[in-house]
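Colleague: Structure incoming, see below.
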Amino acid sequence: MERQLLLGAEAVALAAIDAGISGAYAYPGTPSTEITEFVQRSGEARQRGVRSAWSANEKTAYEAALGMSYAGKRALVSMKHVGLNVAADAFINSALTGVGGGLVLCVADDPSMHSSQNEQDSRIYGRMAMIPILEPSSQQELYDAVREAFPLSESLSLPVMVRITTRLSHSRAGVLAREAEPQRLLTEPGSLPPAERFVLMPANARRQYRHLIGLQPEIERLAEESRLNRSVGGTSETGVMACGIAYNYVMEVRERYGLDLPVLKTGQYPAPREAARELFSRCRRVLVAEEGYPVMEELLRGFFGNEKILGRLDGTLPRTGELDTDIIARALGLESAPFEPAPGIVAPRPPELCRGCGHRDLFDALNSVMAEHSYQSVFSDIGCYTLGALPPFSAIHTCVDMGASITMAKGAADAGLRPAVAVIGDSTFTHSGMTGLLDALNDRSAVTLIIADNDTTAMTGGQDSAATGNRLETICLGLGVDAGHLRVIVPLRSRLKENITVLREEIAYEGVSVVIARRVCVEEAARRKKNT
Amino acid sequence: MSMKQDIILAGVGGQGILSIAAVIDLAALHGGLEIRQAEVHGMSQRGGAVESHLRLSDRPIHSDLIARGTADLLISVEPLEALRHRPFLAAAGRLVTAMEPVVNMEGYPPMEEVRRELLRSGRPVLVEAHRIAIGCGSQKASNMVVLGAAAPFIAIPPERIEAAIGELFRRKGAEVVDMNIRAFQRGLEASQEQAASCEGPTTSETA
Ligand SMILES: Cc1ncc(C[n+]2csc(CCOP(=O)(O)OP(=O)(O)O)c2C)c(N)n1
Ligand code: SF4
């Protein structure tokens, strides 16, 4: 087989296809989106009939993967770190039910928050679920780890988490694939997992939990023996425990500065206790280098005490943000290369809404209506339209988590805030806005929901959106929106005046009103034209 | 002698720096080199500043990212982005940039100041990429002009890079391939002219 140049995300997808998955379930989210996009493009996946349509959200994706696994087939589910908050209920409980066919969760964390609201560390979720976590450091290692994660999942009958971070997901390198395995067959009727495992009523759940705890020594033994955990010899007094991608930066420093640094590469958790003990007994100081939260560092401080340990908690490494070669060099007391700083004239270039984007015209209209009120806060959500928070629009005032626009507007309306206006995208609405709208309707809260329907999931690059166009009207009516207060506008400059009128009327209404602002994303329109 | 080259690509989201990266990647892959190429997806692709770190070597590469002060080459398709990413450049590194500003932000400095700063950056190669690209058929090929201007400093023979352009654009038909290769060649020529007039840094605008 030939070496292929793949993003880390693509290496995950190829490995899963080659491991014989029958489904790749996901909701888009940077930096995980390219995993499913690769499966959708793959001829091999198509030939094998691998299901890879986008799910409505991460929870539905995770549960679909669990169902496929229940039926005996292998499944991949992928998401960004905050997506796991949405899927957490299914995820944690699936460690109690266990799996049938191999179930691998690939979760992509975004330290430094390049495209995210926070930089939470998924390894903490993995620990809460008490399952094996793999954290490879290179694209090839990632391919190999995902291949091996499926049999590992089956042998323990547990889901396995593969954690990656932005730079590994979005960096290309040569990857050598191995021969693909056949897909697994549907389990025979009599051999499906027993109800005692999958019906998590207290009696069953307690037994399953004890079983999970009983598996822990075996999980630790497997980590101890894993090829993802290995020592690089060295004689210096300072050693490094390098987790995941941090290993790359540490090795870069080791090579560039010609150091004889002992390094414990850590790529499978729970961390290898014996190897750590050995490193600590040999070294006077140990730097713990990990991307994300100081997860390992906290554990090791508890285990070996504070004196020897350097890391994020004592300020040797910055407390936040991703790592790089310079940061590791500095932590080891080394001088990094001199450089010429950018001149003072270099002003920031923040991202912005595209020229011709319909969101622009929506915000123009909305701003002029809101200017008529003394309370001018607009509750909003996550998507391209979040850029409406920046000048020249400054049109929205919240963006917390997917779906929070409508529910926060409801709560504020309940507190007496008028007007209570929410702006949400089509994909975010079907992700987790529909249930919030139902709450508002049931409680007759005076909110106006504006659905910015651009016929795609634009922020993440134009994936299919779960419901757009007429289906949105049908959903709103089905939930109970009054047909007289369900309006559709076309956000165009030429229609500014009539759009202002519609918004003004619906915002004045003392009840639930919905305005759908419908115009296709111009980027998406260009892509469609190119592909026809 | 072992070979190792670190290249920073810079520009504004949507300007096509990932195509430049893809061409160099392909050429390097066929040349049997090790490659690491980190790119930016997500929020900043919407007209924000974007960069890609491209590392080539004949030995294994550890880090996906290039440290500041260590890049051999900075290739930018926008002049202000060249300045923004200058900290990556090593003292002996080379800067190649297109000179057409993309003004989608507040506080874009006057071009004379941008130029003055660029001329302070080692031996810069400054190209009027849009003008050259339009001469080749479309402004869309500006990124290939810049790649051509950088080609003399990339550790891969220009013929290999040209072949990779052909491979990358093949799906889009012979016309697109030809235009991009022409753009690459004109960029290469502009760069060589600048190197020939070795009165320190000059720009293609004076050529
Ligand atoms: C829980 C969670 N999942 C995924 C994302 C990533 N994400 C942010 S915005 C977005 C899509 C927004 O699409 P839409 O609501 O249609 O708005 P558009 O970008 O098209 O304007 C996605 C997938 C996230 N931030 N949080
Ligand atoms: S990608 Fe589409 S939705 Fe996003 S800013 Fe551009 S035009 Fe608007």
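The values are calculated or read from the model by the stated rules, or taken from the named source; none is laboratory data. The shown structure was predicted, so the numbers you read here are calculated from the model rather than taken from an experiment. So basically every Cβ, Gly included, is an ideal-geometry build from the backbone, and we count neighbours across all protein chains shown. Protein only, heavy atoms only, side chains kept; ligands, DNA and RNA dropped before computing areas. Shrake-Rupley method; radii C 1.70, N 1.55, O 1.52, S 1.80 Å.
Colleague: Output yes when any residue across the stretch B:92-106 is over 30 Å from A:T386 (Cα atoms), modelled with pLDDT of 95 or more, within 8 Å of chain A (Cβ to nearest Cβ) and not in a loop (DSSP other than H, G, I, E, B), and no when none is.
Modeller: no
Colleague: Taking only the stretch A:485-515 into account, find how many residues are open to solvent by 50 Å² or more (accessible area, probe 1.4 Å) and either part of a helix (DSSP H, G or I) or not aliphatic (A, V, I, L, M) (or both).
Modeller: 13
Colleague: Take the residues in the stretch A:380-397 that are within 10 Å of ligand 1 (Cβ to nearest atom) and not in a loop (DSSP other than H, G, I, E, B); name whichever of them is nearest to A:T456 (Cα to Cα).
Modeller: Filtering the stretch A:380-397 for residues that are within 10 Å of ligand 1 (Cβ to nearest atom) and not in a loop (DSSP other than H, G, I, E, B), the one nearest to A:T456 (Cα to Cα) comes out as A:C384.
Colleague: While we're here: Being open to solvent by 30 Å² or more (accessible area, probe 1.4 Å) and of a type in the set (G, A, S) narrows it down to one residue among A:A87, A:A56, A:A65, A:A71; which is it?
Modeller: Numbers: A:A87 fails: open to solvent by 30 Å² or more (accessible area, probe 1.4 Å); A:A65 fails: open to solvent by 30 Å² or more (accessible area, probe 1.4 Å); A:A71 fails: open to solvent by 30 Å² or more (accessible area, probe 1.4 Å).
The unique qualifying residue is A:A56.
Colleague: Can you name the helices (runs of 4 or more DSSP H) wholly within the stretch A:200-282 that have at least 3 residues being more than 14 Å from chain B (Cβ to nearest Cβ)?
Modeller: On the way: elements: A:202-225, A:246-256, A:273-282.
The helices (runs of 4 or more DSSP H) meeting that bar are A:202-225, A:273-282.
Colleague: Evaluate the following for B:P101: is it without any contact (Cβ under 8 Å) to a residue 40 or more places away in the chain, surrounded by fewer than 20 Cβ atoms within 10 Å (Cβ to Cβ) and within 30 Å of A:K80 (Cβ to Cβ)?
Modeller: no
Colleague: Say whether the condition of being within 14 Å of another protein chain (Cβ to nearest Cβ), surrounded by fewer than 17 Cβ atoms within 10 Å (Cβ to Cβ) and not hydrophobic (A, V, I, L, M, F, W, C) is met by at least one residue in the stretch A:307-323.
Modeller: Going through the stretch A:307-323, the residues within 14 Å of another protein chain (Cβ to nearest Cβ) turn out to be A:321-323.
From what's left, surrounded by fewer than 17 Cβ atoms within 10 Å (Cβ to Cβ): A:321.
The next check asks that each one be not hydrophobic (A, V, I, L, M, F, W, C); those that pass are A:321.
Yes, there is a match, as at least one residue in the stretch A:307-323 is within 14 Å of another protein chain (Cβ to nearest Cβ), surrounded by fewer than 17 Cβ atoms within 10 Å (Cβ to Cβ) and not hydrophobic (A, V, I, L, M, F, W, C).
Colleague: For the stretch A:512-529, indicate whether the set of residues that are away from ligand 1 (no atom under 16 Å from the Cβ), modelled with pLDDT of 95 or more and not β-branched (V, I, T) is non-empty.
Modeller: yes
Colleague: Give me a count of the residues in the stretch A:460-484 that are under 17 Å from A:N442 (Cα atoms) and surrounded by 15 or more Cβ atoms within 10 Å (Cβ to Cβ). Lay out the reasoning, then the answer.
Modeller: First, pick out the residues of the stretch A:460-484 that are under 17 Å from A:N442 (Cα atoms): A:475-483.
With surrounded by 15 or more Cβ atoms within 10 Å (Cβ to Cβ) added as a condition, the list becomes A:475-476, A:479, A:481.
Of the residues in that region, 4 qualify.
Colleague: Within the stretch A:324-363, how many residues are exposed (fewer than 15 other Cβ atoms within 10 Å of the Cβ), away from ligand 1 (no atom under 16 Å from the Cβ) and under 27 Å from A:S115 (Cβ atoms)?
Modeller: The total comes to 3.
Colleague: Which pairs have Cβ atoms under 6 Å, sit 6 or more apart or on different chains, and link a residue in the stretch A:341-359 that is in contact (Cβ under 8 Å) with a residue 40 or more places away in the chain to one that is assigned to a loop (DSSP other than H, G, I, E, B) and open to solvent by 40 Å² or more (accessible area, probe 1.4 Å)?
Modeller: Correct list of pairs: A:G358/A:R519.
Colleague: Now a separate question. In the stretch A:38-54, how many are more than 18 Å from the chain's Cα centre (by Cα) and either away from chain B (no Cβ under 14 Å) or polar (S, T, N, Q) (or both)?
Modeller: The number of residues fulfilling the criteria is 11.
Colleague: Need the failing condition index for A:I327 against (1) more than 30 Å from B:A71 (Cβ to Cβ); (2) part of a helix (DSSP H, G or I), just the number.
Modeller: (1)
Colleague: Out of A:L441, A:L449, A:L417, A:L437, report the one residue that is on the phi < 0 side of the Ramachandran plot, more than 9 Å from ligand 1 (Cβ to nearest atom), surrounded by fewer than 24 Cβ atoms within 10 Å (Cβ to Cβ) and touching a residue at least 60 places away in the same chain (Cβ under 8 Å).
Modeller: Every option except A:L441 fails the conditions.
Colleague: Quick check on this structure: which one of A:S55, A:S115, A:S78 is within 16 Å of ligand 2 (Cβ to nearest atom) and not aliphatic (A, V, I, L, M)?
Modeller: From the options A:S55, A:S115, A:S78, the qualifying one is A:S115.
Colleague: For the stretch A:1-37, name all the residues that are within 24 Å of B:G32 (Cα to Cα) and either at the interface with another protein chain (Cβ under 10 Å from one of its Cβ atoms) or open to solvent by 10 Å² or more (accessible area, probe 1.4 Å) (or both).
Modeller: Those that are within 24 Å of B:G32 (Cα to Cα) and either at the interface with another protein chain (Cβ under 10 Å from one of its Cβ atoms) or open to solvent by 10 Å² or more (accessible area, probe 1.4 Å) (or both): A:M1, A:E2, A:R3, A:Q4, A:L5, A:L7, A:G8, A:A9, A:E10, A:L14.
Colleague: Here's another thing I want to ask about it. State whether one or more residues within the stretch A:505-521 are free of Cβ contacts under 8 Å to residues at least 40 places away in the same chain and either more than 14 Å from every other protein chain (Cβ to nearest Cβ) or more than 16 Å from ligand 2 (Cβ to nearest atom) (or both).
Modeller: Taking the stretch A:505-521 first, the residues free of Cβ contacts under 8 Å to residues at least 40 places away in the same chain are A:505.
If we keep only those that are either more than 14 Å from every other protein chain (Cβ to nearest Cβ) or more than 16 Å from ligand 2 (Cβ to nearest atom) (or both) too, we end up with A:505.
Yes, some residue in the stretch A:505-521 is free of Cβ contacts under 8 Å to residues at least 40 places away in the same chain and either more than 14 Å from every other protein chain (Cβ to nearest Cβ) or more than 16 Å from ligand 2 (Cβ to nearest atom) (or both).
Colleague: Taking the stretch B:12-39, which residues are among the β-branched types (V, I, T) and at the interface with chain A (Cβ under 8 Å from one of its Cβ atoms)?
Modeller: B:V12, B:I35
Colleague: Also, I was wondering about something else. Of the residues A:E307, A:E297, which single one is of a type in the set (D, E), touching a strand residue (DSSP E or B) at 6+ places or on another chain (Cβ under 7 Å) and outside the structural domain of A:N118 (by TED's automatic domain parsing)?
Modeller: A:E297
Colleague: Within the stretch A:160-185, track down each residue that is under 14 Å from A:G102 (Cβ atoms) and either assigned to a strand (DSSP E or B) or within 14 Å of chain B (Cβ to nearest Cβ) (or both).
Modeller: A:V160, A:M161, A:V162
Colleague: If you check every pair at least six apart or on different chains, which have Cβ atoms under 9 Å apart with a residue in the stretch B:150-172 that is within 14 Å of B:A183 (Cα to Cα) first and a residue that is open to solvent by less than 60 Å² (accessible area, probe 1.4 Å) and of a type in the set (F, W, Y) second?
Modeller: Close Cβ pairs (under 9 Å, with a partner that is open to solvent by less than 60 Å² (accessible area, probe 1.4 Å) and of a type in the set (F, W, Y)) amount to B:A151/B:F184; B:P158/B:F184; B:I161/B:F184; B:E162/B:F184; B:I165/B:F184.
Colleague: Residue by residue through the stretch B:60-91, note down the ones that are touching a Lys or Arg at 6+ places or on another chain (Cβ under 6 Å) and within 10 Å of another protein chain (Cβ to nearest Cβ).
Modeller: Of everything in the stretch B:60-91, those that are touching a Lys or Arg at 6+ places or on another chain (Cβ under 6 Å) and within 10 Å of another protein chain (Cβ to nearest Cβ) turn out to be B:I61, B:D64, B:P87, B:F88.
Colleague: While we're here: Just name the residue that is modelled with the lowest pLDDT out of those in the stretch B:40-52 that are more than 7 Å from chain A (Cβ to nearest Cβ) and touching a helix residue (DSSP H, G or I) at 6+ places or on another chain (Cβ under 8 Å).
Modeller: Checking each candidate, the answer is B:V50.
Colleague: Now for a different question. So how many residues does the stretch A:98-126 have that are away from ligand 1 (no atom under 13 Å from the Cβ) and either open to solvent by less than 10 Å² (accessible area, probe 1.4 Å) or without any contact (Cβ under 8 Å) to a residue 60 or more places away in the chain (or both)?
Modeller: So the count comes out to 13.
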